[in-house]
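All remarks here apply to the structure that follows.
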Amino acid sequence: DLLQSAIENASEGISIVDSDLNLVAWNKKYVDLFDYPSELIYQGSPIRNLIRFNVQRGLCGVGKIDQQVNKRLAHLRNGSPHSSEREHSDGRVIRIEGNPLPGGGFVMLFSDITTYRQAERGLKEANVDLETRVLERTQKLAQTNEALALAREKAEQAHVKKSLYLKACSHDLMQPLEAARLFTSALASQGNLTDTQQRQVDNIDHSLKVANDLVADLAEIARIESGNIKPNISSFSVKSLFDDLAKEFSANALDLNVDFRVHCNSLWLRSDRNLLRRSEE
């Protein structure tokens, strides 16, 4: 009675067969899991009949009924431990474990693992979906990297072409500027110029020199963009810098009839004179 009470209150379905392969003990959970009719469940019921009942309902896989029944009876006679799963038509998955008893016979445990298998399928589907997303993102990233590499290659080619163009332009522009400075030098060497004319020639020469320096700097733009240019640090007075700027802009102010004045002081600076002058302009 104690053993029967323990079997009846177990969470798994339990059935026990004797050495003659007849049913000798079971619990309600076992009957409920397989929905056995009452006429098949009794003390001494041949286990052959229960196996045949399950085979006929398709719970044991595909195959001839007698072959399926005899195969399972042979496992029981041989006392071979076994473990398997069966999926019912209603979607329930039952795990079956069988172990031989010392004096002959078999004890069978039946567990409803439907929830576990559903969770497992859900995880597999989620994993497949995740792998698909990772593959899609990887492909998009590869395409983006290819596009970036192509854009970088085009940018590098454009940079090289721009540098070559700037070098050619600076070379072509420096020649007429140098020629113009030669003309101003020739004018300045004449002794019949008035003070005003001499001042104008000096201003023209200074402006040409500034223009010549700016053209020469065109060749260094590529170096500036790449960060390879280094400043030429020196000490110079603010007055000398402003004087150069005044010479350059005073001529334009005169033509425009603008009152142009420069206010400076006696401070000295330590910087790159050419780069600072460019920023002032």
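In the range 78-104, the qualifying residues are those that are modelled with pLDDT of 85 or more and under 14 Å from residue 47 (Cβ atoms), and the one that is farthest from the chain's Cα centre (by Cα) is 101. For residue 103, the conditions (1) open to solvent by 60 Å² or more (accessible area, probe 1.4 Å); (2) touching a strand residue (DSSP E or B) at 6+ places or on another chain (Cβ under 7 Å); (3) in contact (Cβ under 8 Å) with a residue 60 or more places away in the chain all hold with the exception of (2). Scanning the range 17-76 for residues that are surrounded by 12 or more Cβ atoms within 10 Å (Cβ to Cβ), of a type in the set (Gly, Ala, Ser) and within 57 Å of the chain's Cα centre (by Cα) yields a count of 1. The condition of being at pLDDT below 85, among the β-branched types (Val, Ile, Thr) and more than 27 Å from residue 119 (Cβ to Cβ) holds for only one of 47, 7, that being 7. Check whether at least one residue in the range 77-96 is more than 19 Å from residue 12 (Cβ to Cβ) and either surrounded by 16 or more Cβ atoms within 10 Å (Cβ to Cβ) or free of Cβ contacts under 8 Å to residues at least 12 places away in the same chain (or both), and report yes or no. Yes. Would it be correct to say that residue 109 is assigned to a helix (DSSP H, G or I), touching a strand residue (DSSP E or B) at 6+ places or on another chain (Cβ under 8 Å) and touching a residue at least 24 places away in the same chain (Cβ under 8 Å)? Answer is no for this residue.
The values are calculated or read from the model by the stated rules, or taken from the named source; none is laboratory data. Small disclaimer: the values here were computed from a predicted structure and weren't measured. Don't worry about glycine lacking a Cβ; one is built from the backbone with ideal geometry, like all the others, and counts go over all protein chains shown. For the accessible areas, the whole protein counts, side chains as well, though only heavy atoms, and no ligand, DNA or RNA atoms are used. Shrake-Rupley method; radii C 1.70, N 1.55, O 1.52, S 1.80 Å.
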